[in-house]
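**Student:** Following this message is one structure expressed as structure tokens.
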């Protein structure tokens, strides 16, 4: 995992060397290199490993997905959205560069992400085209952006379990799922395998979210003296609030073993991917 | 011109039929169908006509460019940017749907624009890849988005003529220029012709801007009783403020006849493109 994380960090550092405007590039790099787990690139590289494909072939696609993830955080933190002053212990983009530059830095990262893929000479034009279809579909108005709107609306009401799944499916799930799909395209896998990868990717996204919801509650039990989980405070619908803590854990464990079986069935070099699967449900933050 | 305008309008109306979220789609369509001259699609279609290429082949690319133009207007109108309440006589997106939805509607249109091209079955994957490279390059942090940042900074100082040209080159020029470049790619033209088209496209962008600056001043002379041109009011650097009105007009006329010659040299069906060239410098608004 840390090898793959290092690889993507290193590549991202090489971007934006010849600015048209310094302020814009500085603002984009500020958020792009602000840390984070780089979970999406690591998922993509680990899935490539499953098929014995060169990580190099996935480098620019992984960077593109991370650029899209970064833009979504910049826009999400804006005063008109979640109005957050800090992220990962650092000031948010608009707090440092102003709202106008932050909006444009997000727009720049999003637009440039597609340039990363369309100019990737390690891939055929057929692959580039398919990757851009997959990623723009996952990130756009049928994917992540729709999820953001659904999430904003969800804050004002109690959701059913199905509604909650739909919100997460789009808001966070689509961009996680697409990492698996992209790896399949880059590793030239047949359609049937890519469909399997999409299902595995959906499970990863869901596991990630259920675990987040559990952590929000258990974190507050463990660290006595701190306020209760922020989700409870905000009366937000979560897997824990809808299913109860024990049922949420059972659902997570069941999904975990289903996903493990699906990965095994692909009969590849699965060590890295299985380690990630474990990491997602065992992490404590 | 009105034939091509109708064609793109008709196509744009077919978009966003199956929303994940109604609010998002309604907000995107509100701005996408808010009128305007559709000058970029018309430029693209007219350049295709020059080479006798089917307009149909350029339809999705033209739509993509118009989606990008629309997203840039939505974000530009935001309170943190130009803070405009009205555009083309209608309320701006954020005035109708709120700032949060407006930011996301812009993000959605931008992301979806690349999906339009990457899924265009009228084009080869080679063409799709090249079109996405050209458009993301023109619209991203080396193009339009950089131009927006430069323009924001320019409001606070006096520019030289070269600086003014750089601002416009990126802020409005790049997306106009890329319409010509895209038409060359779609019509399978050799590199040398595409380079010619890029130069012609740059000239169109520049002509458009000089004429805008002239209109801002002459409008105020014609319509007595109204306040002076808004550029003068804002002490903004323009071609007129830097060159003087008469020199700006000479520069425009000289550029016009150079561009006309370049179009003639391509020896194609140039009627539509020459009509547009005339329209740009003769329009009164």
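**Student:** Look through A:144, A:152 and report the one residue that is modelled with pLDDT of 95 or more and either more than 8 Å from chain B (Cβ to nearest Cβ) or closer than 24 Å to residue A:212 by Cβ (or both). Talk me through it step by step, then tell me what you get.
**Tutor:** On the way: A:152 fails: modelled with pLDDT of 95 or more.
Going through A:144, A:152 in turn, just one is modelled with pLDDT of 95 or more and either more than 8 Å from chain B (Cβ to nearest Cβ) or closer than 24 Å to residue A:212 by Cβ (or both): A:144.
**Student:** Against the definition (in contact with a helix residue (DSSP H, G or I) (Cβ under 9 Å, 6 or more places away or on another chain), part of a helix (DSSP H, G or I), surrounded by fewer than 23 Cβ atoms within 10 Å (Cβ to Cβ) and without any contact (Cβ under 8 Å) to a residue 12 or more places away in the chain), how does residue A:133 come out, yes or no? Outline the logic, then answer.
**Tutor:** Working: in contact with a helix residue (DSSP H, G or I) (Cβ under 9 Å, 6 or more places away or on another chain): yes; part of a helix (DSSP H, G or I): yes; surrounded by fewer than 23 Cβ atoms within 10 Å (Cβ to Cβ): yes; without any contact (Cβ under 8 Å) to a residue 12 or more places away in the chain: yes.
In short, yes.
**Student:** Kindly provide the set of residues from segment B:106-129 that are more than 19 Å from the chain's Cα centre (by Cα) and within 8 Å of chain A (Cβ to nearest Cβ), ordered by number. Walk me through how you get there before you give the answer.
**Tutor:** So in segment B:106-129, the residues more than 19 Å from the chain's Cα centre (by Cα) come out as B:115, B:118-129.
Answer for segment B:106-129, where residues must be more than 19 Å from the chain's Cα centre (by Cα) and within 8 Å of chain A (Cβ to nearest Cβ): B:115, B:118, B:119, B:124, B:125, B:126, B:128, B:129.
**Student:** Consider residue A:147 carefully, then state whether it is crowded, with 20+ Cβ neighbours inside 10 Å and in contact (Cβ under 8 Å) with a residue 24 or more places away in the chain. Give the steps one after another, and end with the answer.
**Tutor:** Working: crowded, with 20+ Cβ neighbours inside 10 Å: yes; in contact (Cβ under 8 Å) with a residue 24 or more places away in the chain: yes.
Here the answer is yes, as residue A:147 does meet what is asked.
**Student:** Here's another thing I want to ask about it. Exactly one of these conditions fails for residue B:32: (1) within 22 Å of residue B:270 (Cα to Cα); (2) under 15 Å from the mean Cα position of the chain (by Cα). Give me its number.
**Tutor:** (1) is the only condition that residue B:32 fails.
**Student:** Going by the structure shown, is residue A:121 out of contact with any strand residue (DSSP E or B) (no Cβ under 7 Å at 6 or more places or on another chain) and outside any helix (DSSP H, G or I)? Don't jump to the end; show me each part of the working.
**Tutor:** Working: out of contact with any strand residue (DSSP E or B) (no Cβ under 7 Å at 6 or more places or on another chain): yes; outside any helix (DSSP H, G or I): yes.
Considered against the rule, which asks whether it is out of contact with any strand residue (DSSP E or B) (no Cβ under 7 Å at 6 or more places or on another chain) and outside any helix (DSSP H, G or I), residue A:121 comes out as yes.
**Student:** Go through (1) more than 27 Å from residue A:18 (Cα to Cα); (2) in contact (Cβ under 8 Å) with a residue 40 or more places away in the chain one by one and return the number of the condition residue B:76 breaks.
**Tutor:** (1)
**Student:** Has segment B:251-258 got at least one residue that is assigned to a helix (DSSP H, G or I) and at pLDDT below 95?
**Tutor:** Looking through segment B:251-258, none of the residues is assigned to a helix (DSSP H, G or I) and at pLDDT below 95.
**Student:** Still on this structure, I have one more. Can you name the residue in segment A:82-99 that is crowded, with 17+ Cβ neighbours inside 10 Å and in contact (Cβ under 8 Å) with a residue 40 or more places away in the chain and, of all such residues, is nearest to the other protein chains (Cβ to nearest Cβ)?
**Tutor:** A:97
Conditions (1) over 29 Å from residue B:269 (Cα atoms); (2) touching a helix residue (DSSP H, G or I) at 6+ places or on another chain (Cβ under 6 Å), marked per residue:
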residue	(1), (2)
B:144	yes, yes
B:150	yes, yes
B:163	yes, no
B:181	no, yes
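**Student:** Residue A:41 fails exactly one of the following numbered conditions: (1) under 17 Å from residue A:177 (Cα atoms); (2) over 18 Å from the mean Cα position of the chain (by Cα). What is the number of that condition?
**Tutor:** Single failed check for residue A:41: (2).
**Student:** If you don't mind, another one. Scan B:74, B:103, B:176, B:132 and give me the residue that is under 22 Å from residue B:33 (Cα atoms) and at the interface with chain A (Cβ under 9 Å from one of its Cβ atoms). Quick ask: steps written out before the conclusion?
**Tutor:** On the way: B:74 fails: at the interface with chain A (Cβ under 9 Å from one of its Cβ atoms); B:176 fails: at the interface with chain A (Cβ under 9 Å from one of its Cβ atoms); B:132 fails: under 22 Å from residue B:33 (Cα atoms).
The match here is B:103.
**Student:** Tell me, please, whether a residue that is more than 9 Å from every other protein chain (Cβ to nearest Cβ), within 25 Å of residue A:171 (Cα to Cα) and buried (at least 21 other Cβ atoms within 10 Å of the Cβ) can be found in segment B:58-68.
**Tutor:** Here is the first cut: in segment B:58-68, the residues more than 9 Å from every other protein chain (Cβ to nearest Cβ) are B:58-67.
Narrowing further to those that are within 25 Å of residue A:171 (Cα to Cα): B:64, B:67.
With the extra rule that they be buried (at least 21 other Cβ atoms within 10 Å of the Cβ), the set shrinks to B:64, B:67.
So far as segment B:58-68 goes, yes, one or more of its residues are more than 9 Å from every other protein chain (Cβ to nearest Cβ), within 25 Å of residue A:171 (Cα to Cα) and buried (at least 21 other Cβ atoms within 10 Å of the Cβ).
The values are calculated or read from the model by the stated rules, or taken from the named source; none is laboratory data. What you see is a predicted model; the values in this text were computed from it and never measured. In this analysis, Cβ positions are derived from the backbone assuming ideal geometry, glycine residues included, and neighbour counts consider all displayed protein chains.
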